[in-house]
Amino acid sequence: MIIVLKSGASDADVADVEGRIRAMGYTPHTIHGELRNVIGAIGDDRGKERLRSLASLECVESVTPILQPFKLASREVKRGNTQVRVGNVVVGGREIVVMAGPCSVESRFQVLDVAHRVKAAGARVLRGGAFKPRTSPYAFQGLEEEGLKLLAEARRETGLPVITEVMEPDKVDVVAEHSDILQIGARNVQNFSLLRRVGEAGKPVLLKRGMSTSIQEWLLSAEYVLAGGNPNVILCERGIRTFETATRFTLDLNAVPVLKKLTHLPVVVDPSHGTGHWEYVESMAMAAVAAGADGLLIEVHPKPEEALSDGPQSLKPDKFAALMGRVRKIALAVDRDL
Ligand code: PEP
Ligand code: MN
């Protein structure tokens with residue numbers, strides 16, 4: 001922490017603040033300036049609020065942290081990139097890992113058909129929702145455990161690892177039994193009991209950004225999973241709420257280079273939810289890879305016009321294959337494989 005004293009602060013004030021810093025277990029390091037004094041409190045104060053309270057002293061101008069509040073997620077703690085291994089797929093290495101499939105698992109035919117087609121186009125992971133977080137309680141809520149079994153069958157048939165969302169702590173075991181990656185949805189990014197629970201699950205976690213979550217809050221959510229003993233966390237930018245209504249959300253591609261600076265965790269981008277319209281998905285997928293994303297999460301449906309959820313943003317399989325061809329060119333241009 002850096003504690004800046006007000007310009008009129010006396011030597012007695014400096015000594016008082018130094019004494020308080022020592023009493024809290026930190027070492028004060030004072031820089032005497034011409035106009036004001038600045039005290040560095042040396043010691044790891046992440047997650048602790050005590051030094052911040054010094055801001056309430058009359059003689060103190062400001063108290064500012066110098067370390068990021070997240071620790072295990074931070075590049076200050078781990079310099080090299082984390083690579084998350086799922087079967088023979090590595091997220092966070094040289095390869096751009098594309099995860100594709102329907103928003104919701106709707107039937108055996110639908111999920112198997114789409115699984116074969118996204119695999120043929122180069123997807124490395126099959127996505128599909130079995131437990132669906134729907135804004136309306138009257139909307140299709142997913143096939144639940146039946147959906148998990150269909151995903152597992154699609155994995156057996158295609159060899160593709162699968163990712164699906166888990167919404168409740170009580171369901172973590174059953175989802176982990178059938179899925180290779182546990183997806184935490186945007187609406188659950190700050191469901192701390194769920195985050196703690198997936199921290200113990202022993203399966204990689206894909207943590208979506210909440211629609212109103214700052215990057216710092218998001219990384220603190222990742223910290224819950226990491227601190228629970230699970231080092232395999234993938235971050236997924238999926239768009240945030242802004243004043244713009246032309247698209248469903250505003251895909252924050254700034255987040256990609258910002259995250260690359262702040263954290264060693266791999267970053268995936270979801271242009272399907274990020275835009276909400278299938279026509280914009282390819283452009284934003286290419287932009288995401290150009291910006292440094294490690295992977296993409298894309299909704300593909302054999303008949304988007306009949307989809308039970310997110311049809312307007314779902315690509316038909318042939319459109320997805322065309323997207324893969326164009327994204328591959330961008331990947332090669334930025335020294336990645338696809
Ligand atoms: C999804 O992946 O289908 C989904 C519900 O995503 P999000 O949590 O980002 O809205
Ligand atoms: Mn969806």
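The values are calculated or read from the model by the stated rules, or taken from the named source; none is laboratory data. Please read these numbers as outputs of a predicted model, since none were measured by experiment. Here Cβ is always computed from backbone atoms with ideal geometry, including for glycine, and neighbour counts include all displayed protein chains. All accessible areas refer to the heavy atoms of the entire protein, side chains included, with ligands and DNA or RNA removed. Shrake-Rupley method; radii C 1.70, N 1.55, O 1.52, S 1.80 Å.
Some observations on this one:
- Burial order of peptide ranges 307-320, 239-252 (average beta-carbon count within 10 Å, highest first): 307-320, 239-252
- Antiparallel DSSP beta bridges within the chain, percent to nearest 5: 40 percent
- Lys, Arg +1 and Asp, Glu -1 on Cβ, resulting dipole of the chain about Cα centre, debye, nearest 20: 640 debye
- Part-to-part distance (alpha-carbon centres) for region 46-95 and region 180-227, which is given in Å: 15 Å
- Scoring 11-17, 36-42, 117-123 by mean Cβ neighbours within 10 Å over their residues and listing the highest first yields 117-123, 36-42, 11-17.
- log10 of Debye I(q)/I(0), alpha-carbon scatterers only, for the chain at 0.10, 0.15 Å⁻¹: -0.62, -1.14
- Average projection, convex hull of the Cα set of region 27-102: 9.7 square nanometres.
- Potential lengthening between Ile2 and Ser214 on full extension [0.36 nm per residue; Cα-Cα distance subtracted]: 74.0 nm
- For region 233-241, backbone phi angles converted through the Karplus equation (6.51, -1.76, 1.60; θ = phi - 60°) give residue-by-residue couplings of 10, 10, 8, 10, 6, 9, x, 10, 7 Hz, Gly and Pro being listed as x.
- Computed over the chain, the per-residue total of -39500 (n - 2.57) for DSSP H runs of n ≥ 4 gives a 222 nm mean residue ellipticity of -10000 deg cm²/dmol, rounded to 500.
- Radius 14 Å from Cβ of Val198, net charge of other residues (Lys, Arg +1; Asp, Glu -1): -3
- On Cα atoms only, tilt of 11-23 relative to the major axis of the chain in degrees: 50 degrees
- Reach of Lys261 by Cα under 24 Å, taken over lysines that are not fewer than 8 positions away in the same chain: Lys48, Lys71, Lys78, Lys208
- Spatial separation of Cα centroids for region 1-39 and region 269-338, in angstrom: 53 Å
- Applying 1/(1 + (r/R0)^6) with r as the Cβ-Cβ distance of Arg134 and Phe192 and R0 = 30 angstrom yields a FRET efficiency of 0.85.
- Label-to-label distance, nm, for residues given as Arg22 and Lys149 (7 Å Cα→Cβ offset): 7.0 nm
- Put simply, when 262-269, 173-180, 194-201 are sorted by average Cβ atoms within 10 angstrom per residue, most first, you get 262-269, 194-201, 173-180.
- Rounded percent of accessible protein surface that carbon and sulfur make up, the chain, 1.4 Å probe: 51 percent
- For region 85-96, the Karplus equation 6.51 cos²θ - 1.76 cosθ + 1.60, evaluated at θ = phi - 60°, returns couplings of 9, 10, x, 9, 9, 10, 9, x, x, 6, 7, 7 Hz by residue, with Gly and Pro reported as x.
- Residues in region 111-129 reached by a label modelled at Asp337 [backbone nitrogen below 14 Å; 7 Å Cα→Cβ]: 124
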